[in-house]
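The values are calculated or read from the model by the stated rules, or taken from the named source; none is laboratory data. None of the values given here were measured: they were computed from a predicted structure. Note that each Cβ is placed from the backbone with ideal geometry, even for glycine, and that neighbours are counted across all protein chains shown. For the accessible areas, the whole protein counts, side chains as well, though only heavy atoms, and no ligand, DNA or RNA atoms are used. Shrake-Rupley method; radii C 1.70, N 1.55, O 1.52, S 1.80 Å.
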Amino acid sequence: MKKVCMLFIGILSMQIGNAQNINDVVRFSTENINGTARFRAMSGAFGALGGDFSAFTINPAGSAVFSNSETAITLSNYSNDNDTSYFGTFSNRNESEFDLSQAGIVFVFKNLGSSSWNKITLGVNVQNNDNYYNNYFVTGRNTSSGIGDYFNFYADGQQLGNIAQLPGETDTDTYLILGEDFGFAAQQAFLGYEGFVINPDDPNNDNISYSPNANYAAGADHDYIVQTSGFNRKYTFNIGAQFQENWYFGLNVNSHDVDYRERRVLIETPVDVDSGLQYAEFSNELYTYGSGISFQVGAIYKAKNLRVGASYQSPTWYNLNDELIQGLSTDFRDPGNPDDILRRDIFPNVINAYREHQITTPAVVTGSLAYIFGKKGLISFDYSIKDFANAKLRPDNDFFTANNNIRNQLQAAATYRVGGEYRIKKFSLRGGYRFQESPYKNGTTVGDLDGYSLGLGYNFGSMSLDLAYDRSEQTNNPQLFQAGLIDTYTINNINTNVTLSLSFKL
């Protein structure tokens, strides 16, 4: 078994950190509509309704609407259908998985004597803010650049004598030493040089300029594989109360658990048969984990058939850790005998563990309206606003450029949700629609999100069974890498979910 070394280095030495972390901010600041089937069937438009476990994760006052103590559990099937386009070549991948997406319990305490407080509720709910399971495949012929441009970006300015492997050193030794002494950029330069992806312009040790060992004039065929998994889980501890007949109030304290895994592999084959570089396979495996805390306050006012709700969700303060594993395999022409093709595999077996950093996500303000048609049904509307430009990375000194990028590239984004329910005896028919604006000012790096939902439920009396189907669509244009090879591809993601919830009155 090969020994895997752990290298602890600071954020500043990870030169790509400032470019990548704007994507991290958007990822961890985005919450999808997860939770109970009833909630999802109405596209999450529950801020003025309450009486549902996922509802009080939007507006904490929703727990005080419960008439009886209750518990619920939810199972979901997530499916991602990804259509990608890269330099005019299209591909598709569709995969799915099952997940236990929600579990909760609420206790209702009534008969509080002569107090104006008619009811107090205590609740605990666990659900996924986001499920990161996704796989897609990108393929096409890049007509302008290649992996040599990525490694060249980091090598320029690095002395050849610093990044070249010394006699007797293993790949692991060199990668570790460069990470400790010079940081991430030097590690990339070493991979590119020792993998024969780039060549020094001058063979002397003090050389600081490089060129790709490939002719990209004819283009390069790229296969790009992205696999992500993990979750952003939210543990909600709630207290709610009903004041007199018309007012409901609530408070949530939330604990967040992040586990995000990402594997990206670029496979490149230069088109020019005389190219020095004949083939390259570059892999990056990222693991991000950590925790966070946030709070919410909310209120609901009931006036005959009308319900009005308002809630505030604080920023979430995350403490996160990143670990990165890299590997490179290449085929290249022997400089001494161009007719021979040689193979170079560089797998340092080193985990780059970067110093803990903090992400502060933006706060969310939600306003809600609902109209109740007696016992026949209801219609509900939520409006939320979140200013992504207020997100921040810390320590400030390490992320000065990244925080400027956040302010310059991100914007306030609104979310609109509307849902309805119609009851036929013990059956309930439900539907909803939601629209989520892009957090990017350009509107294309991450596009707007459109979604709709359908569902039904049956009330057995002491038990309820609910089923929901929801579908959302979003088009994004991410870059292959954040430096050097920065060409974008288009990915149109259609996410569908089938959700089943079972709830019991206690």
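The table for this structure:
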{"read-out": "Accessible surface, 1.4 Å probe, highest first, among residues Met6, Met463", "value": "Met6, Met463"}
{"read-out": "Mean residue ellipticity (222 nm) of the chain, computed from DSSP H runs ≥ 4 via -39,500 (n - 2.57), nearest 500", "value": "-3500 deg cm²/dmol"}
{"read-out": "Pair Lys441, Tyr301: separation of 7 Å Cα→Cβ label points (nm)", "value": "3.8 nm"}
{"read-out": "Cβ-Cβ FRET estimate between Asn94 and Ser114, R0 fixed at 60 Å, reported to 0.05", "value": "0.50"}
{"read-out": "Radius 14 Å from Cβ of Gly292, net charge of other residues (Lys, Arg +1; Asp, Glu -1)", "value": "-1"}
{"read-out": "Most to least accessible of Val446, Val297 (protein chains only, probe 1.4 Å)", "value": "Val297, Val446"}
{"read-out": "Debye-sum result for the range 394-506 in log10 I(q)/I(0), which assumes one identical scatterer on each alpha carbon, at q = 0.24 Å⁻¹", "value": "-1.29"}
{"read-out": "Inter-centroid distance (Cα atoms) of the range 321-365 relative to the range 92-151, Å", "value": "29 Å"}
{"read-out": "Accessible-area ranking of Phe98, Phe243, Phe109, Phe151, largest first, probe 1.4 Å", "value": "Phe98, Phe109, Phe243, Phe151"}
{"read-out": "Ile198 - accessible surface, heavy atoms, 1.4 Å probe, Å² rounded to 10", "value": "0 Å²"}
{"read-out": "Gap separating the Cα centres of the range 374-404 and the range 217-275, nearest whole Å", "value": "15 Å"}
{"read-out": "1.4 Å probe accessible area per residue over the chain, in Å²", "value": "42 Å²"}
{"read-out": "For Glu95, solvent-accessible area (1.4 Å; no DNA, RNA or ligand), Å²", "value": "60 Å²"}
{"read-out": "Inter-label distance, nm, simple model (7 Å from Cα along the C-beta direction), Asn205/Phe427", "value": "8.3 nm"}
{"read-out": "Burial order of peptide ranges 342-353, 42-53 (average beta-carbon count within 10 Å, highest first)", "value": "42-53, 342-353"}
{"read-out": "Histogram of C-alpha separations across the range 195-334, 5 Å bin width, %", "value": "2, 8, 11, 10, 9, 9, 8, 7, 7, 6, 5, 5, 4, 4, 3, 1, 0"}
{"read-out": "Using a Förster distance of 30 Å, the FRET efficiency for Gln244-Arg355 (Cβ separation, nearest 0.05)", "value": "0.05"}
{"read-out": "Exposure of Lys110 as accessible area (Å², to 10), given a probe of 1.4 Å and all protein chains", "value": "100 Å²"}
{"read-out": "Global form of the range 124-208, assessed from the alpha-carbon gyration tensor, a/c cut-off 1.5", "value": "oblate"}
{"read-out": "Kirkwood Rh, Cα atoms: Rg over Rh of the range 335-464", "value": "1.28"}
{"read-out": "Reachable lysines, given that their alpha-carbon falls under 26 Å from the alpha-carbon of Lys119 and they are not under 8 places away in the same chain", "value": "Lys110, Lys234, Lys302, Lys304, Lys375, Lys376, Lys505"}
{"read-out": "Degrees between helix 17-29 axis and first principal axis of the chain (Cα, 0 to 90, nearest 10)", "value": "20 degrees"}
{"read-out": "Spacing of the two label points (7 Å from each Cα toward its C-beta) at Tyr458 and Ser255, in nm", "value": "3.8 nm"}
{"read-out": "Förster radius 51 Å - calculated FRET efficiency between Leu75 and Asp156 (Cβ-Cβ, nearest 0.05)", "value": "0.45"}
{"read-out": "Angle between the chain longest axis and helix 171-181 axis [Cα atoms, degrees, rounded to 10]", "value": "70 degrees"}
{"read-out": "Helix 400-409 axis, angle to the chain major axis (alpha carbon atoms, nearest 10°)", "value": "60 degrees"}
